[in-house]
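Okay, structure first, notes after.
The values are calculated or read from the model by the stated rules, or taken from the named source; none is laboratory data. All figures in this text were calculated on a predicted structure; none of them were measured in a lab. Positions of Cβ are backbone-derived with ideal geometry, glycine not excepted, and every protein chain shown enters the neighbour counts. Only protein heavy atoms, including side chains, enter the accessible area calculation; ligands, DNA and RNA are left aside. Shrake-Rupley method; radii C 1.70, N 1.55, O 1.52, S 1.80 Å.
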Amino acid sequence: MNRLLGQLNSAQPFTWQSFIWMSIGLLMLSPELLVESIGYSRITWQIILGVTLAIQGLLILVANRVFIRGRTFGQAAFTSWFFVLLVSSSFPIVFKIVSTAMFSIEIFPSIPVRFLTAAIVWMLITLAFSIAISETQKFQKELTALRSQLEDANELELQEKRTFEELRNTILSSVRVSLNKAFRQIELEYSGSQASLELKRLVDEVVRPLSSTVIQTSAHTEEYSISKPVSNISFKDLLSRLVDSNPFEYKLMPIIVGMSSFFINTWLMGISETLLSSAVGILVLSGLLFISNTVFKFFKPHLGTFAAVFVVVFLMLSSAVINTVVSQSLLQLENIFVGILIMFVEFGVLLLGASMRTVSLERSKILTQLEDAIHTVEWMNSRLSQLIWVEKSRLARLVHGDIQARIIAVALEIDLVAPNKNELASKLKYLSESCQSALMSPQAETSLNAFVESLQQIWAHSLKIDVDIPSDFLRVAEEDATAKTSCIEIIREAVLNSVKHDQAKNVAISGVIPPTGERVDLATLELTITNDRALAAKTSLENLRANGAGHGTEIFNQLCTKWSLTQDAHQTTLKASLPWSTALVAEAG
(Lines give C-alpha, C1' and ligand atoms only; values in the text may rest on other atoms or scores of the structure.)
Protein backbone atom coordinates (compact mmCIF):
# COMPACT_ATOMS: atom_id res chain seq x y z
CA MET A 1 0.00 0.00 0.00
CA ASN A 2 2.84 2.40 0.83
CA ARG A 3 4.38 1.72 -2.59
CA LEU A 4 1.04 2.39 -4.28
CA LEU A 5 0.63 5.69 -2.41
CA GLY A 6 4.17 6.65 -3.34
CA GLN A 7 3.47 5.94 -7.02
CA LEU A 8 0.26 7.97 -6.82
CA ASN A 9 2.01 10.94 -5.20
CA SER A 10 4.51 11.11 -8.08
CA ALA A 11 1.79 10.87 -10.79
CA GLN A 12 -0.14 13.66 -12.48
CA PRO A 13 -3.95 13.39 -12.02
CA PHE A 14 -4.75 14.05 -15.69
CA THR A 15 -2.70 13.31 -18.79
CA TRP A 16 -3.77 13.28 -22.43
CA GLN A 17 -2.58 9.67 -22.73
CA SER A 18 -4.83 8.44 -19.93
CA PHE A 19 -7.85 10.37 -21.27
CA ILE A 20 -7.40 8.94 -24.77
CA TRP A 21 -7.08 5.36 -23.54
CA MET A 22 -10.05 5.81 -21.21
CA SER A 23 -12.17 7.24 -24.02
CA ILE A 24 -11.26 4.38 -26.39
CA GLY A 25 -12.14 1.82 -23.73
CA LEU A 26 -15.51 3.39 -22.93
CA LEU A 27 -16.48 3.80 -26.61
CA MET A 28 -15.55 0.20 -27.40
CA LEU A 29 -16.88 -1.63 -24.34
CA SER A 30 -19.74 0.41 -22.85
CA PRO A 31 -22.34 0.58 -25.71
CA GLU A 32 -23.10 -3.16 -25.70
CA LEU A 33 -23.46 -3.14 -21.93
CA LEU A 34 -25.88 -0.20 -22.11
CA VAL A 35 -27.88 -1.91 -24.90
CA GLU A 36 -28.26 -4.99 -22.72
CA SER A 37 -29.20 -3.10 -19.53
CA ILE A 38 -31.32 -0.19 -20.88
CA GLY A 39 -32.02 -0.77 -24.56
CA TYR A 40 -31.77 1.45 -27.66
CA SER A 41 -29.18 0.99 -30.38
CA ARG A 42 -25.41 0.77 -30.13
CA ILE A 43 -24.89 3.89 -32.28
CA THR A 44 -27.15 5.88 -29.94
CA TRP A 45 -24.97 5.11 -26.97
CA GLN A 46 -21.80 5.81 -28.92
CA ILE A 47 -23.11 9.29 -29.78
CA ILE A 48 -24.10 9.94 -26.16
CA LEU A 49 -20.73 8.72 -24.89
CA GLY A 50 -18.87 10.78 -27.50
CA VAL A 51 -20.60 14.01 -26.47
CA THR A 52 -20.13 13.18 -22.77
CA LEU A 53 -16.44 12.49 -23.24
CA ALA A 54 -15.99 15.76 -25.18
CA ILE A 55 -17.51 17.70 -22.25
CA GLN A 56 -15.42 15.74 -19.75
CA GLY A 57 -12.30 16.39 -21.82
CA LEU A 58 -13.01 20.14 -21.81
CA LEU A 59 -13.48 20.07 -18.03
CA ILE A 60 -10.21 18.15 -17.57
CA LEU A 61 -8.37 20.58 -19.87
CA VAL A 62 -9.52 23.59 -17.86
CA ALA A 63 -8.69 21.89 -14.54
CA ASN A 64 -5.26 20.85 -15.76
CA ARG A 65 -4.26 24.14 -17.39
CA VAL A 66 -5.73 26.58 -14.88
CA PHE A 67 -5.55 24.86 -11.50
CA ILE A 68 -3.26 21.79 -11.52
CA ARG A 69 -0.73 23.08 -14.10
CA GLY A 70 1.17 19.84 -14.55
CA ARG A 71 1.73 19.20 -10.84
CA THR A 72 1.52 15.75 -9.26
CA PHE A 73 -0.69 14.46 -6.46
CA GLY A 74 2.19 14.94 -4.05
CA GLN A 75 2.84 18.53 -5.15
CA ALA A 76 -0.81 19.67 -5.09
CA ALA A 77 -2.70 17.08 -3.06
CA PHE A 78 -5.87 19.03 -2.25
CA THR A 79 -6.30 20.52 -5.74
CA SER A 80 -5.59 17.19 -7.46
CA TRP A 81 -8.01 15.16 -5.37
CA PHE A 82 -10.67 17.86 -5.56
CA PHE A 83 -10.70 17.84 -9.35
CA VAL A 84 -10.41 14.05 -9.62
CA LEU A 85 -13.53 13.73 -7.43
CA LEU A 86 -15.25 16.58 -9.28
CA VAL A 87 -14.58 15.14 -12.75
CA SER A 88 -15.52 11.63 -11.60
CA SER A 89 -18.81 12.83 -10.08
CA SER A 90 -19.59 14.92 -13.14
CA PHE A 91 -19.32 11.93 -15.50
CA PRO A 92 -22.67 10.28 -14.58
CA ILE A 93 -24.31 13.71 -14.28
CA VAL A 94 -23.15 14.83 -17.73
CA PHE A 95 -24.01 11.39 -19.14
CA LYS A 96 -27.55 11.62 -17.77
CA ILE A 97 -28.04 15.21 -19.00
CA VAL A 98 -26.81 14.36 -22.51
CA SER A 99 -28.97 11.20 -22.66
CA THR A 100 -32.09 13.09 -21.59
CA ALA A 101 -31.45 16.18 -23.74
CA MET A 102 -30.57 14.33 -26.96
CA PHE A 103 -32.73 11.17 -26.83
CA SER A 104 -35.01 11.58 -23.75
CA ILE A 105 -33.46 8.46 -22.15
CA GLU A 106 -33.73 7.97 -18.37
CA ILE A 107 -30.54 6.24 -17.27
CA PHE A 108 -30.98 6.21 -13.46
CA PRO A 109 -34.74 5.95 -12.89
CA SER A 110 -34.77 3.47 -10.01
CA ILE A 111 -31.23 2.15 -9.55
CA PRO A 112 -29.13 4.91 -7.89
CA VAL A 113 -26.27 2.43 -7.42
CA ARG A 114 -25.56 2.84 -11.15
CA PHE A 115 -24.88 6.53 -10.61
CA LEU A 116 -22.40 5.69 -7.84
CA THR A 117 -20.64 2.90 -9.76
CA ALA A 118 -20.26 5.10 -12.85
CA ALA A 119 -18.51 7.79 -10.79
CA ILE A 120 -16.34 5.24 -8.97
CA VAL A 121 -15.36 3.52 -12.23
CA TRP A 122 -14.30 6.84 -13.76
CA MET A 123 -12.24 7.73 -10.67
CA LEU A 124 -10.54 4.33 -10.44
CA ILE A 125 -9.71 4.30 -14.15
CA THR A 126 -8.32 7.84 -13.85
CA LEU A 127 -6.09 6.86 -10.92
CA ALA A 128 -4.99 3.59 -12.55
CA PHE A 129 -4.03 5.27 -15.81
CA SER A 130 -2.30 8.12 -13.96
CA ILE A 131 -0.07 5.65 -12.13
CA ALA A 132 0.45 3.49 -15.24
CA ILE A 133 1.45 6.44 -17.45
CA SER A 134 3.70 7.94 -14.75
CA GLU A 135 5.47 4.67 -13.94
CA THR A 136 5.96 3.82 -17.61
CA GLN A 137 7.43 7.26 -18.40
CA LYS A 138 9.79 7.09 -15.43
CA PHE A 139 10.69 3.52 -16.38
CA GLN A 140 11.59 4.63 -19.91
CA LYS A 141 13.65 7.59 -18.69
CA GLU A 142 15.54 5.54 -16.10
CA LEU A 143 16.20 2.67 -18.50
CA THR A 144 17.47 5.13 -21.12
CA ALA A 145 19.56 6.94 -18.50
CA LEU A 146 21.06 3.61 -17.46
CA ARG A 147 21.98 2.79 -21.05
CA SER A 148 23.40 6.26 -21.54
CA GLN A 149 25.48 5.99 -18.38
CA LEU A 150 26.85 2.59 -19.35
CA GLU A 151 27.71 3.91 -22.81
CA ASP A 152 29.47 6.84 -21.14
CA ALA A 153 31.50 4.42 -19.02
CA ASN A 154 32.59 2.52 -22.14
CA GLU A 155 33.43 5.79 -23.90
CA LEU A 156 35.43 6.95 -20.89
CA GLU A 157 37.53 3.79 -21.01
CA LEU A 158 38.35 4.51 -24.66
CA GLN A 159 39.03 8.16 -23.82
CA GLU A 160 41.64 7.15 -21.24
CA LYS A 161 43.75 5.63 -23.99
CA ARG A 162 43.26 8.54 -26.40
CA THR A 163 43.85 11.21 -23.75
CA PHE A 164 47.35 10.10 -22.80
CA GLU A 165 48.54 9.95 -26.37
CA GLU A 166 47.10 13.41 -27.06
CA LEU A 167 48.56 14.75 -23.81
CA ARG A 168 52.04 13.35 -24.51
CA ASN A 169 52.01 14.58 -28.10
CA THR A 170 50.94 18.07 -26.99
CA ILE A 171 53.58 18.32 -24.26
CA LEU A 172 56.37 16.71 -26.29
CA SER A 173 55.65 18.96 -29.24
CA SER A 174 55.80 22.04 -27.01
CA VAL A 175 59.03 20.97 -25.30
CA ARG A 176 60.64 19.81 -28.54
CA VAL A 177 59.86 23.04 -30.39
CA SER A 178 61.12 25.24 -27.52
CA LEU A 179 64.38 23.32 -27.00
CA ASN A 180 65.17 22.79 -30.67
CA LYS A 181 64.62 26.48 -31.39
CA ALA A 182 66.97 27.43 -28.55
CA PHE A 183 69.61 24.84 -29.56
CA ARG A 184 69.47 25.96 -33.18
CA GLN A 185 69.93 29.59 -32.19
CA ILE A 186 72.96 28.73 -30.02
CA GLU A 187 74.48 26.66 -32.84
CA LEU A 188 74.14 29.50 -35.33
CA GLU A 189 75.07 32.48 -33.15
CA TYR A 190 77.52 31.30 -30.48
CA SER A 191 80.65 29.24 -30.03
CA GLY A 192 82.86 27.97 -27.21
CA SER A 193 82.36 29.58 -23.82
CA GLN A 194 79.59 31.77 -25.19
CA ALA A 195 77.59 28.64 -26.11
CA SER A 196 78.14 27.32 -22.57
CA LEU A 197 76.81 30.54 -21.06
CA GLU A 198 73.78 30.48 -23.35
CA LEU A 199 72.98 26.90 -22.35
CA LYS A 200 73.08 27.90 -18.68
CA ARG A 201 70.89 30.90 -19.44
CA LEU A 202 68.56 28.52 -21.32
CA VAL A 203 68.02 26.59 -18.08
CA ASP A 204 66.84 29.69 -16.22
CA GLU A 205 64.84 31.39 -18.98
CA VAL A 206 63.33 28.43 -20.89
CA VAL A 207 63.58 25.07 -19.14
CA ARG A 208 62.33 26.05 -15.68
CA PRO A 209 59.34 28.05 -17.00
CA LEU A 210 58.69 25.17 -19.39
CA SER A 211 58.16 22.76 -16.48
CA SER A 212 55.37 25.03 -15.18
CA THR A 213 53.87 25.15 -18.66
CA VAL A 214 53.78 21.34 -18.77
CA ILE A 215 51.79 21.21 -15.52
CA GLN A 216 49.28 23.72 -16.89
CA THR A 217 48.77 21.90 -20.21
CA SER A 218 45.10 20.98 -20.70
CA ALA A 219 44.31 17.37 -21.54
CA HIS A 220 40.97 18.32 -23.12
CA THR A 221 38.87 15.83 -21.19
CA GLU A 222 35.28 16.10 -20.05
CA GLU A 223 33.53 14.48 -17.13
CA TYR A 224 30.56 12.35 -18.02
CA SER A 225 27.15 12.34 -16.35
CA ILE A 226 23.59 11.26 -17.17
CA SER A 227 22.75 14.52 -18.87
CA LYS A 228 22.29 13.05 -22.35
CA PRO A 229 18.85 13.55 -23.91
CA VAL A 230 16.44 10.70 -23.27
CA SER A 231 15.57 8.66 -26.33
CA ASN A 232 12.60 6.37 -26.83
CA ILE A 233 12.71 2.76 -25.67
CA SER A 234 11.33 0.17 -28.06
CA PHE A 235 8.26 -1.91 -27.21
CA LYS A 236 10.45 -5.00 -27.40
CA ASP A 237 12.71 -3.61 -24.66
CA LEU A 238 9.71 -2.92 -22.43
CA LEU A 239 8.34 -6.44 -22.93
CA SER A 240 11.74 -7.87 -22.12
CA ARG A 241 11.76 -5.98 -18.82
CA LEU A 242 8.12 -6.77 -18.01
CA VAL A 243 8.59 -10.54 -18.11
CA ASP A 244 11.78 -10.43 -16.04
CA SER A 245 9.63 -10.59 -12.90
CA ASN A 246 6.61 -12.78 -12.20
CA PRO A 247 3.48 -10.88 -13.39
CA PHE A 248 0.92 -13.04 -11.53
CA GLU A 249 -0.22 -11.58 -8.20
CA TYR A 250 -2.89 -13.81 -6.58
CA LYS A 251 -3.47 -11.96 -3.29
CA LEU A 252 -4.69 -8.49 -4.26
CA MET A 253 -5.47 -8.74 -7.99
CA PRO A 254 -8.52 -11.07 -7.61
CA ILE A 255 -10.17 -8.41 -5.40
CA ILE A 256 -9.44 -5.65 -7.92
CA VAL A 257 -10.78 -7.76 -10.80
CA GLY A 258 -13.82 -8.67 -8.69
CA MET A 259 -14.53 -4.97 -8.14
CA SER A 260 -14.39 -4.31 -11.89
CA SER A 261 -16.88 -7.15 -12.50
CA PHE A 262 -19.07 -5.84 -9.69
CA PHE A 263 -19.33 -2.37 -11.27
CA ILE A 264 -20.28 -3.86 -14.64
CA ASN A 265 -22.83 -6.30 -13.18
CA THR A 266 -24.67 -3.52 -11.33
CA TRP A 267 -25.92 -2.46 -14.79
CA LEU A 268 -27.16 -5.97 -15.59
CA MET A 269 -28.70 -7.38 -12.41
CA GLY A 270 -29.74 -6.74 -8.83
CA ILE A 271 -27.33 -6.01 -6.03
CA SER A 272 -27.60 -9.46 -4.39
CA GLU A 273 -26.81 -11.31 -7.63
CA THR A 274 -23.95 -8.91 -8.30
CA LEU A 275 -22.38 -9.51 -4.89
CA LEU A 276 -22.69 -13.30 -5.30
CA SER A 277 -21.13 -13.23 -8.76
CA SER A 278 -18.23 -11.06 -7.59
CA ALA A 279 -17.53 -13.21 -4.50
CA VAL A 280 -17.43 -16.40 -6.59
CA GLY A 281 -15.24 -14.68 -9.17
CA ILE A 282 -12.71 -13.58 -6.51
CA LEU A 283 -12.40 -17.12 -5.10
CA VAL A 284 -12.09 -18.77 -8.52
CA LEU A 285 -9.60 -16.19 -9.82
CA SER A 286 -7.39 -16.52 -6.72
CA GLY A 287 -6.96 -20.22 -7.43
CA LEU A 288 -6.42 -19.66 -11.15
CA LEU A 289 -3.74 -17.00 -10.60
CA PHE A 290 -1.98 -19.18 -8.04
CA ILE A 291 -1.84 -22.02 -10.58
CA SER A 292 -0.69 -19.60 -13.32
CA ASN A 293 2.02 -18.26 -11.02
CA THR A 294 3.32 -21.79 -10.38
CA VAL A 295 3.22 -22.74 -14.08
CA PHE A 296 5.00 -19.56 -15.20
CA LYS A 297 7.77 -19.97 -12.61
CA PHE A 298 8.37 -23.52 -13.86
CA PHE A 299 8.51 -22.68 -17.58
CA LYS A 300 10.12 -19.21 -17.47
CA PRO A 301 13.79 -20.38 -17.37
CA HIS A 302 13.19 -22.28 -20.61
CA LEU A 303 11.46 -19.47 -22.54
CA GLY A 304 12.65 -16.56 -24.66
CA THR A 305 11.22 -13.06 -24.34
CA PHE A 306 8.35 -13.37 -26.81
CA ALA A 307 7.55 -16.91 -25.73
CA ALA A 308 7.36 -15.71 -22.12
CA VAL A 309 5.06 -12.84 -23.16
CA PHE A 310 2.85 -15.31 -25.04
CA VAL A 311 2.63 -17.58 -21.97
CA VAL A 312 1.75 -14.60 -19.72
CA VAL A 313 -1.02 -13.44 -22.09
CA PHE A 314 -2.34 -16.98 -22.57
CA LEU A 315 -2.49 -17.72 -18.84
CA MET A 316 -4.15 -14.38 -18.04
CA LEU A 317 -6.69 -14.76 -20.83
CA SER A 318 -7.43 -18.33 -19.77
CA SER A 319 -7.93 -17.21 -16.17
CA ALA A 320 -10.29 -14.43 -17.26
CA VAL A 321 -12.30 -16.80 -19.50
CA ILE A 322 -12.68 -19.50 -16.85
CA ASN A 323 -13.51 -16.98 -14.13
CA THR A 324 -16.15 -15.28 -16.31
CA VAL A 325 -17.75 -18.58 -17.36
CA VAL A 326 -17.96 -19.86 -13.78
CA SER A 327 -19.24 -16.65 -12.17
CA GLN A 328 -21.68 -15.73 -14.94
CA SER A 329 -23.09 -19.23 -15.26
CA LEU A 330 -24.42 -18.94 -11.71
CA LEU A 331 -26.58 -16.02 -12.92
CA GLN A 332 -27.60 -17.73 -16.18
CA LEU A 333 -26.46 -14.77 -18.30
CA GLU A 334 -27.84 -15.32 -21.83
CA ASN A 335 -26.11 -12.52 -23.78
CA ILE A 336 -22.80 -14.06 -24.95
CA PHE A 337 -21.39 -10.73 -26.12
CA VAL A 338 -21.80 -9.22 -22.65
CA GLY A 339 -20.04 -12.26 -21.18
CA ILE A 340 -17.18 -11.74 -23.62
CA LEU A 341 -17.13 -8.05 -22.71
CA ILE A 342 -16.80 -8.87 -19.00
CA MET A 343 -14.09 -11.41 -19.80
CA PHE A 344 -12.03 -8.85 -21.74
CA VAL A 345 -12.46 -6.27 -18.98
CA GLU A 346 -11.13 -8.77 -16.43
CA PHE A 347 -8.27 -9.70 -18.77
CA GLY A 348 -7.44 -6.00 -19.26
CA VAL A 349 -7.43 -5.34 -15.52
CA LEU A 350 -5.15 -8.37 -14.97
CA LEU A 351 -2.75 -7.24 -17.68
CA LEU A 352 -2.74 -3.61 -16.50
CA GLY A 353 -2.15 -4.65 -12.89
CA ALA A 354 0.68 -6.98 -13.89
CA SER A 355 2.26 -4.26 -16.02
CA MET A 356 2.10 -1.70 -13.21
CA ARG A 357 3.50 -4.18 -10.70
CA THR A 358 6.37 -5.41 -12.88
CA VAL A 359 7.25 -1.93 -14.08
CA SER A 360 7.50 -0.83 -10.45
CA LEU A 361 9.72 -3.79 -9.55
CA GLU A 362 11.92 -3.25 -12.60
CA ARG A 363 12.20 0.46 -11.80
CA SER A 364 13.65 -0.46 -8.41
CA LYS A 365 16.21 -2.72 -10.10
CA ILE A 366 17.08 -0.05 -12.66
CA LEU A 367 17.52 2.62 -9.98
CA THR A 368 20.00 0.30 -8.21
CA GLN A 369 21.83 -0.37 -11.49
CA LEU A 370 21.78 3.33 -12.34
CA GLU A 371 23.30 4.26 -8.98
CA ASP A 372 25.98 1.63 -9.56
CA ALA A 373 26.63 2.96 -13.10
CA ILE A 374 26.95 6.53 -11.79
CA HIS A 375 29.39 5.31 -9.14
CA THR A 376 31.37 3.57 -11.90
CA VAL A 377 31.64 6.74 -13.98
CA GLU A 378 32.56 8.82 -10.91
CA TRP A 379 35.33 6.33 -10.14
CA MET A 380 36.54 6.42 -13.75
CA ASN A 381 36.44 10.23 -13.82
CA SER A 382 38.58 10.29 -10.69
CA ARG A 383 40.91 7.65 -12.10
CA LEU A 384 41.32 9.52 -15.39
CA SER A 385 41.97 12.78 -13.56
CA GLN A 386 44.55 10.99 -11.41
CA LEU A 387 46.30 9.46 -14.43
CA ILE A 388 46.47 12.79 -16.24
CA TRP A 389 47.87 14.62 -13.22
CA VAL A 390 50.51 11.97 -12.61
CA GLU A 391 51.57 11.95 -16.27
CA LYS A 392 51.86 15.73 -16.43
CA SER A 393 53.78 15.77 -13.15
CA ARG A 394 56.15 13.09 -14.47
CA LEU A 395 56.88 15.07 -17.60
CA ALA A 396 57.26 18.30 -15.61
CA ARG A 397 59.74 16.62 -13.26
CA LEU A 398 61.65 15.34 -16.26
CA VAL A 399 61.86 18.82 -17.75
CA HIS A 400 62.77 20.40 -14.42
CA GLY A 401 65.23 17.71 -13.34
CA ASP A 402 66.60 15.37 -15.99
CA ILE A 403 66.49 17.82 -18.91
CA GLN A 404 68.14 20.52 -16.79
CA ALA A 405 70.86 18.09 -15.75
CA ARG A 406 71.58 17.07 -19.34
CA ILE A 407 71.82 20.69 -20.51
CA ILE A 408 74.10 21.72 -17.62
CA ALA A 409 76.30 18.65 -18.18
CA VAL A 410 76.78 19.59 -21.85
CA ALA A 411 77.47 23.23 -20.88
CA LEU A 412 80.21 22.09 -18.45
CA GLU A 413 81.65 19.79 -21.10
CA ILE A 414 81.80 22.70 -23.58
CA ASP A 415 83.70 24.76 -20.98
CA LEU A 416 86.28 22.00 -20.62
CA VAL A 417 86.67 20.92 -24.26
CA ALA A 418 86.12 24.21 -26.18
CA PRO A 419 84.71 22.46 -29.29
CA ASN A 420 84.83 23.89 -32.77
CA LYS A 421 81.70 24.74 -34.76
CA ASN A 422 81.12 21.21 -36.09
CA GLU A 423 81.76 19.58 -32.73
CA LEU A 424 79.40 22.07 -31.06
CA ALA A 425 76.69 21.24 -33.61
CA SER A 426 77.23 17.53 -32.96
CA LYS A 427 76.97 17.98 -29.17
CA LEU A 428 73.82 20.11 -29.48
CA LYS A 429 72.26 17.52 -31.79
CA TYR A 430 73.07 14.78 -29.27
CA LEU A 431 71.65 16.95 -26.48
CA SER A 432 68.41 17.45 -28.40
CA GLU A 433 68.03 13.73 -29.10
CA SER A 434 68.81 12.71 -25.53
CA CYS A 435 66.30 15.22 -24.15
CA GLN A 436 63.61 13.90 -26.46
CA SER A 437 64.51 10.30 -25.56
CA ALA A 438 64.21 11.10 -21.85
CA LEU A 439 60.78 12.60 -22.37
CA MET A 440 59.58 9.58 -24.33
CA SER A 441 60.85 7.00 -21.82
CA PRO A 442 59.22 6.23 -18.47
CA GLN A 443 61.10 7.58 -15.49
CA ALA A 444 62.39 5.16 -12.90
CA GLU A 445 60.34 5.70 -9.76
CA THR A 446 61.19 4.95 -6.15
CA SER A 447 59.02 2.48 -4.25
CA LEU A 448 56.43 3.73 -1.78
CA ASN A 449 58.28 2.05 1.06
CA ALA A 450 61.58 3.64 0.01
CA PHE A 451 59.95 7.04 -0.28
CA VAL A 452 58.53 6.84 3.24
CA GLU A 453 61.96 5.80 4.58
CA SER A 454 63.60 8.74 2.80
CA LEU A 455 60.94 11.01 4.27
CA GLN A 456 61.79 9.75 7.76
CA GLN A 457 65.45 10.53 7.13
CA ILE A 458 64.76 14.04 5.85
CA TRP A 459 62.72 14.94 8.94
CA ALA A 460 64.75 12.85 11.41
CA HIS A 461 65.84 15.83 13.56
CA SER A 462 62.47 17.61 13.76
CA LEU A 463 59.63 15.16 13.19
CA LYS A 464 58.92 11.57 14.17
CA ILE A 465 57.05 9.68 11.45
CA ASP A 466 55.38 6.37 12.38
CA VAL A 467 54.29 4.19 9.45
CA ASP A 468 51.72 1.39 9.44
CA ILE A 469 51.18 0.42 5.81
CA PRO A 470 50.42 -3.30 5.32
CA SER A 471 52.18 -5.46 2.73
CA ASP A 472 49.09 -5.84 0.51
CA PHE A 473 48.81 -2.04 0.28
CA LEU A 474 52.51 -1.78 -0.68
CA ARG A 475 52.12 -4.55 -3.27
CA VAL A 476 49.19 -2.78 -4.93
CA ALA A 477 51.15 0.49 -4.97
CA GLU A 478 54.13 -1.18 -6.62
CA GLU A 479 52.02 -2.81 -9.34
CA ASP A 480 49.97 0.33 -10.10
CA ALA A 481 52.54 3.08 -10.71
CA THR A 482 49.86 5.78 -10.97
CA ALA A 483 48.34 4.89 -7.60
CA LYS A 484 51.84 4.73 -6.04
CA THR A 485 52.80 8.19 -7.32
CA SER A 486 49.47 9.54 -6.09
CA CYS A 487 50.12 8.08 -2.61
CA ILE A 488 53.59 9.63 -2.57
CA GLU A 489 52.28 13.08 -3.51
CA ILE A 490 49.51 12.97 -0.89
CA ILE A 491 51.88 11.78 1.87
CA ARG A 492 54.48 14.39 0.88
CA GLU A 493 51.89 17.22 0.97
CA ALA A 494 50.27 16.02 4.21
CA VAL A 495 53.59 15.72 6.07
CA LEU A 496 54.70 19.15 4.84
CA ASN A 497 51.40 20.68 6.01
CA SER A 498 51.77 18.95 9.39
CA VAL A 499 55.07 20.75 9.97
CA LYS A 500 54.23 24.00 8.19
CA HIS A 501 50.73 24.67 9.57
CA ASP A 502 50.22 22.38 12.58
CA GLN A 503 53.78 22.61 14.04
CA ALA A 504 53.49 18.88 14.68
CA LYS A 505 56.19 16.76 16.35
CA ASN A 506 54.68 13.37 15.50
CA VAL A 507 52.97 12.10 12.37
CA ALA A 508 51.31 8.71 11.90
CA ILE A 509 50.81 7.33 8.39
CA SER A 510 48.56 4.31 7.84
CA GLY A 511 46.97 2.66 4.83
CA VAL A 512 44.21 0.13 4.20
CA ILE A 513 42.48 -1.38 1.20
CA PRO A 514 38.72 -1.05 1.93
CA PRO A 515 36.47 -3.94 0.85
CA THR A 516 34.80 -3.34 -2.52
CA GLY A 517 31.95 -5.84 -2.29
CA GLU A 518 30.93 -7.20 -5.67
CA ARG A 519 32.43 -4.25 -7.60
CA VAL A 520 36.09 -5.25 -7.44
CA ASP A 521 36.78 -3.00 -10.43
CA LEU A 522 36.00 0.09 -8.32
CA ALA A 523 38.81 -0.44 -5.83
CA THR A 524 40.35 2.30 -3.68
CA LEU A 525 43.35 2.75 -1.40
CA GLU A 526 42.72 4.66 1.83
CA LEU A 527 45.47 6.72 3.46
CA THR A 528 45.15 8.22 6.94
CA ILE A 529 47.73 10.80 8.06
CA THR A 530 47.38 12.06 11.62
CA ASN A 531 49.54 14.59 13.48
CA ASP A 532 49.73 15.86 17.09
CA ARG A 533 49.27 19.51 16.28
CA ALA A 534 50.52 22.21 18.67
CA LEU A 535 47.67 23.87 20.53
CA ALA A 536 48.91 27.35 19.61
CA ALA A 537 49.40 26.50 15.94
CA LYS A 538 47.18 27.72 13.14
CA THR A 539 46.05 24.29 11.98
CA SER A 540 45.81 22.93 8.45
CA LEU A 541 42.02 23.05 8.69
CA GLU A 542 42.00 26.65 9.93
CA ASN A 543 44.44 27.61 7.19
CA LEU A 544 42.16 25.98 4.62
CA ARG A 545 39.13 27.87 5.94
CA ALA A 546 41.00 31.18 6.10
CA ASN A 547 42.83 31.07 2.77
CA GLY A 548 40.61 28.78 0.71
CA ALA A 549 41.81 26.02 -1.60
CA GLY A 550 45.54 26.02 -2.25
CA HIS A 551 48.08 23.76 -3.94
CA GLY A 552 47.51 20.93 -1.45
CA THR A 553 43.74 21.08 -1.87
CA GLU A 554 44.22 21.00 -5.64
CA ILE A 555 46.36 17.87 -5.32
CA PHE A 556 43.80 16.13 -3.09
CA ASN A 557 40.90 17.04 -5.39
CA GLN A 558 42.84 15.84 -8.42
CA LEU A 559 44.06 12.52 -7.05
CA CYS A 560 41.32 11.35 -4.65
CA THR A 561 37.85 9.97 -5.15
CA LYS A 562 37.10 11.64 -1.81
CA TRP A 563 39.07 13.17 1.07
CA SER A 564 38.42 14.85 4.40
CA LEU A 565 40.38 16.96 6.87
CA THR A 566 39.21 16.91 10.49
CA GLN A 567 40.62 18.08 13.81
CA ASP A 568 39.98 17.83 17.53
CA ALA A 569 41.73 19.22 20.58
CA HIS A 570 44.88 17.15 20.07
CA GLN A 571 45.27 16.17 16.43
CA THR A 572 44.54 16.83 12.79
CA THR A 573 43.55 13.91 10.54
CA LEU A 574 43.58 13.64 6.78
CA LYS A 575 41.68 10.73 5.18
CA ALA A 576 42.17 10.23 1.44
CA SER A 577 40.71 7.56 -0.88
CA LEU A 578 42.48 6.95 -4.19
CA PRO A 579 41.38 4.73 -7.07
CA TRP A 580 43.63 1.90 -8.18
CA SER A 581 43.34 -0.54 -11.06
CA THR A 582 42.63 -4.14 -10.07
CA ALA A 583 43.27 -5.13 -13.69
CA LEU A 584 46.89 -3.86 -13.56
CA VAL A 585 47.55 -5.69 -10.29
CA ALA A 586 45.92 -8.88 -11.59
CA GLU A 587 48.08 -8.79 -14.73
CA ALA A 588 51.22 -8.24 -12.69
CA GLY A 589 50.26 -11.04 -10.31
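A few points about this structure:
- For Trp267, residues with placed amide H under 5 Å, excluding near neighbours: none
- Net charge, Glu526 excluded, C-beta distance under 11 Å - Lys, Arg +1, Asp, Glu -1: +2
- Å² per residue, accessible surface of segment 1-137 at 1.4 Å: 50
- Potential extension, Lys251-Gln75 segment - 0.36 nm per residue separation minus Cα distance: 60.2 nm
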